[in-house]
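Down below is the structure, laid out as structure tokens.
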Amino acid sequence: MNLEELYQEIILDHSKRPRNFGPLPDATVTVKGDNPSCGDEVELAVKLSPDRIEALKFTGQGCAICMASASLMTVKMKGRSRTEAADMAHAFREMLVAQEPPEPPANFGDLQVFSAVRRFPQRVKCATLAWRALEQALSAPEAGPVSTEESRD
Amino acid sequence: MNLSDDRAWEAIRGDFPILDQQVNGHPIIYFDNAATSQKPRSVIDTLTRYYECDNSNVHRGLHELSNRATEAYEGARTRLAAYLGATDGEIVFTRGTTEAINLVARAWGDQNIGRGDVILLTEMEHHSNLVPWQLLARRRGATLRFVPVTPDGLLDLSNLDALLDGAKIFSFVHISNSLGTINPAAELCARARRAGVVTLVDAAQSAGHLPVDVRALGCDFLALSGHKMCGPTGIGALYGRREILEGMEPFHGGGEMIASVQFQESQFKPAPHRFEAGTPAIAQSIGLGAAADYLDAMGRDRIFEHDRDLARQAVAVLEDIPGVRILGPRDERAGLVSFVMESAHAHDVVSMADQYGLALRGGHHCTQPLLRKLGVPASCRASFYFYNTPAEVERMGEILRKIHAFFA
């Protein structure tokens, strides 16, 4: 597969017209994520009930892969139970970074287009940024921003 | 050798084995020279010959190979000194520009910078000429001050004298790696000297691209990287004016840098060996000497003209593509051009360009504060060297048009 095939309709479409882009005034959790190596920034706002994701939106700027991944994630995660969302976020990362990626879950649908990103290692961080923010929102929202580069003062 | 002569071109490109290959099915166009340059056959052969014939440790050996290695290593120092218009004792081998600057920030800085002292930098510094000074300022309780950058990527020198007033050192980049700005280094050094301020010139982007003479510049320190000037990675140099270098405490401690060692204390060799602890990068130093030979045979003034011509052509080509914004000075830029495309993020552009065999760089180019100030999260950069051709710049234009059409 070449890169033009990776940037197929679905990625171009979501990057040019990101869904769920904007503020979420009644969010219960917001997590900032950044990828300092290229300047991608995503702020994910999630409205969580005790057991599910009621709503989620994002703001920020970045490359097409980063924006499309965040956009498609918000579409796919809305209304999911917290455990289901956490499992999918984990599966998404596995799809891109595992030595031998498992078969993607049946509920992945369009998310599978991102599996090709694993062939462009420099871009994996772009695709996973929003998902890292989501994982943090679900597991440890108080932990602050996430970064693709671990930074300590 | 006339660089506009086609046969001369073939000969130059023929010196670089790496350029004879296809990337993703296209002839490689290597426009990432500001990150690292390619290596001519003569440098590669020098490394091989050293390892095949002369490899040994330097200075302490009493056998033939060690004598040869020592002679070649010290010969490389002499060669580099001549390349910069310095004397042997003023050249310290380092791993590169970054280590050279860290050496000054540690060995000179800890001795000369105290609480409340001012370190003057510019807003266009590479992280390697910013972070070491931040660390020094934190250790010593000093303050950082910055010469501002104008929106078109030049240093705003209108307040320079006030900024220099009370500063202890002024460390600045000669050629900006992210904007291509050529700073008036000799003038900056002269004004600093009048104010009694020590100067360090970051010559990472200039040492291999134009004639650099430390006496003509009038600097106290100058730092360079071998790998950006046709030399191997892992080797660079610090020039330090003799008087200032001789007064400095050591940087790293260990073998090679000592005169004698007791259990409780040691005496150190004079400069430059005082600053070279441990077994040095012997092969790389000798390779750097070969690179200096190669560049001088080519002529650094002609290299500069050629790079600049390609940059001018690139600016014209880029201005013709819809939605492209060029960063940095309009005129008088070195051989690199940074730009952003409205239709696509820098990483998308650079990844896509790679599919056509075109190597660009995308990101913040290790100048995060500068790009933040210019309001650009990431830019694309094409940086040229003497083995690049006008035809390649034309081809870049075609490729970027395709990328624009794809994302627009």
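The values are calculated or read from the model by the stated rules, or taken from the named source; none is laboratory data. Model, not experiment: these values are computed from the prediction. Glycine also receives a Cβ, built like all others from the backbone with ideal geometry; neighbour counts cover every protein chain displayed.
A compact table of results
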item	result
Wholly enclosed strands (runs of 3 or more DSSP E) of region B:103-221 bearing at least 2 residues within 17 Å of the chain's Cα centre (by Cα)	B:118-122, B:167-173, B:198-202
Residue within region B:374-385 that is out of contact with any strand residue (DSSP E or B) (no Cβ under 9 Å at 6 or more places or on another chain), within 14 Å of another protein chain (Cβ to nearest Cβ) and at pLDDT below 95 present	yes
Every pair of residues 6+ apart whose Cβ atoms lie under 7 Å, when the first sits in region B:163-185 and is on the phi > 0 side of the Ramachandran plot while the second is assigned to a loop (DSSP other than H, G, I, E, B) and crowded, with 23+ Cβ neighbours inside 10 Å	B:GLY180/B:GLY328; B:GLY180/B:ALA334
Residue satisfying condition, being within 19 Å of the chain's Cα centre (by Cα) and in the same structural domain as B:ARG68 (by TED's automatic domain parsing), within set B:GLY278, B:GLY328, B:GLY289	B:GLY289
Subset of region A:8-42 [over 22 Å from B:VAL376 (Cα atoms), away from every other protein chain (no Cβ under 14 Å) and in contact with a Ser or Thr (Cβ under 7 Å, 6 or more places away or on another chain)]	A:ARG19, A:ASN20, A:PRO23
Single residue of B:PHE275, B:PHE172, B:PHE263 found to be over 30 Å from B:ALA378 (Cα atoms), of a type outside the set (Gly, Ala, Ser) and surrounded by 23 or more Cβ atoms within 10 Å (Cβ to Cβ)	B:PHE275
Among (1) touching a strand residue (DSSP E or B) at 6+ places or on another chain (Cβ under 7 Å); (2) closer than 18 Å to A:ASP51 by Cβ - the single one A:THR74 does not satisfy	(2)
Filter pass, B:GLN313 being outside the structural domain of B:VAL212 (by TED's automatic domain parsing), among the polar types (S, T, N, Q) and closer than 30 Å to B:ASP213 by Cα	yes
Residues being over 13 Å from A:THR30 (Cβ atoms), away from every other protein chain (no Cβ under 14 Å) and among the β-branched types (Val, Ile, Thr) - total across region A:129-153	0
Pick from region B:34-49, criterion charged (D, E, K, R) and in contact with a Phe, Trp or Tyr (Cβ under 9 Å, 6 or more places away or on another chain), ranking: surrounded by the fewest Cβ atoms within 10 Å (Cβ to Cβ)	B:ARG41
Residues of region A:90-107 satisfying the condition of being touching a Ser or Thr at 6+ places or on another chain (Cβ under 9 Å) and at pLDDT 90 or above	A:PHE92, A:ARG93, A:MET95, A:LEU96, A:VAL97
Tally of residues being in contact (Cβ under 8 Å) with a residue 40 or more places away in the chain, over 23 Å from B:GLY363 (Cα atoms) and surrounded by 20 or more Cβ atoms within 10 Å (Cβ to Cβ) across region A:32-52	1
Residue within region B:317-338 that is small (Gly, Ala, Ser), crowded, with 23+ Cβ neighbours inside 10 Å, within 29 Å of B:GLY25 (Cα to Cα) and within 14 Å of chain A (Cβ to nearest Cβ) present	yes
Residue check for B:ARG302: surrounded by fewer than 23 Cβ atoms within 10 Å (Cβ to Cβ) and either in contact with an Asp or Glu (Cβ under 8 Å, 6 or more places away or on another chain) or of a type in the set (D, E, K, R) (or both)	yes
